[in-house]
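Everything below concerns the one structure shown next.
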Amino acid sequence: MTFLRAYLRASTEDQDASRARADLEHFASERGLKVAAWYVENESGAKLERPELFRLIADAHEGDVLLVEQVDRLSRLNTQDWDTLKQRLSDKRIRVVALDLPTSWMGAGANLDETTQALLGAVNRMLLDVLAVVARKDYTDRRRRQAQGIEKAKTAGLYKGRKADTERHAVIADMLDRGMSWSQVCAATGASRSTVKRVVDGQKAQA
């Protein structure tokens with residue numbers, strides 16, 4: 001039995017990773033399908049090691065569908081890391097269906113003959129590669145413009161760096177001091193484990 005496994009990602013904690021959930025639910029509902037599991041995380045798409053993405057891959061059965069809003073939600077990876085991710089997906093024959101890649105839509109719950117599946121798979125692999133390259137270029141272009149802007153601001157004496165969310169960090173620190181686990185803190189505050197780690201590291205540095 002084929003399962004749809006939806007992957008939702010946002011780059012920072014200030015963004016809502018679940019924003020596209022309604023669109024994915026609508027897509028599945030229109031086709032008489034149901035999303036079997038949701039995997040949500042706030043991690044950069046330029047980072048290969050994403051816990052929820054790899055949990056999805058580990059949970060998936062052969063032939064399951066990985067459903068995403070856009071290809072850039074799955075990857076802003078460099079070529080080597082993108083090849084690694086594609087191999088992990090291929091090992092389990094996980095089909096990628098993206099709302100911004102209409103040719104992939106037939107892979108969601110469709111019973112296709114072997115020849116059609118092969119042709120469609122070849123087309124989608126090519127288009128996925130193209131969109132992944134575009135997503136990577138967009139990422140590197142934005143990083144370059146950001147660095148240029150910061151450098152210009154530094155030169156003008158205007159750049160002071162990003163301020164930490166001290167109030168939120170204080171709440172997390174208090175929860176940890178009261179003996180709550182990292183998982184409990186993440187669930188209660190919506191913070192990622194990387195944020196909790198920063199708070200813990202900050203406490204150690206002040207000790």
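Data for the structure
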| quantity | calculated |
| --- | --- |
| Matching option when the condition is surrounded by 16 or more Cβ atoms within 10 Å (Cβ to Cβ), assigned by TED's automatic domain parsing to the domain that holds L8, within 17 Å of R9 (Cβ to Cβ) and in contact with a helix residue (DSSP H, G or I) (Cβ under 9 Å, 6 or more places away or on another chain), among G45, G107 | G45 |
| Residue that is farthest from E52 (Cα to Cα), among those in the range 175-207 that are part of a helix (DSSP H, G or I) and of a type in the set (G, A, S) | A205 |
| Any hit, the range 15-32, residues being surrounded by 16 or more Cβ atoms within 10 Å (Cβ to Cβ), assigned to a helix (DSSP H, G or I) and in contact with a Lys or Arg (Cβ under 8 Å, 6 or more places away or on another chain) | yes |
| Helices (runs of 4 or more DSSP H) completely within the range 42-100 that count 3 or more residues being more than 15 Å from V133 (Cβ to Cβ) and free of Cβ contacts under 8 Å to residues at least 40 places away in the same chain | 51-59, 79-91 |
| Candidates S90, S75, filtered to the one that is under 23 Å from R19 (Cβ atoms), assigned by TED's automatic domain parsing to the domain that holds G32 and among the hydroxyl-bearing types (S, T, Y) | S75 |
| Residue within the range 117-124 that is assigned to a helix (DSSP H, G or I), surrounded by 16 or more Cβ atoms within 10 Å (Cβ to Cβ) and in contact with a Leu (Cβ under 6 Å, 6 or more places away or on another chain) present | no |
| Test: residue in the range 65-87 that is modelled with pLDDT under 95, of a type in the set (F, W, Y) and in contact with a Leu (Cβ under 9 Å, 6 or more places away or on another chain) | no |
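The values are calculated or read from the model by the stated rules, or taken from the named source; none is laboratory data. The model shown is predicted, which means the values in this text are computed figures rather than measured ones. Neighbour counts are summed over all protein chains in view; Cβ atoms, including those assigned to glycine, are modelled from backbone coordinates with ideal geometry.
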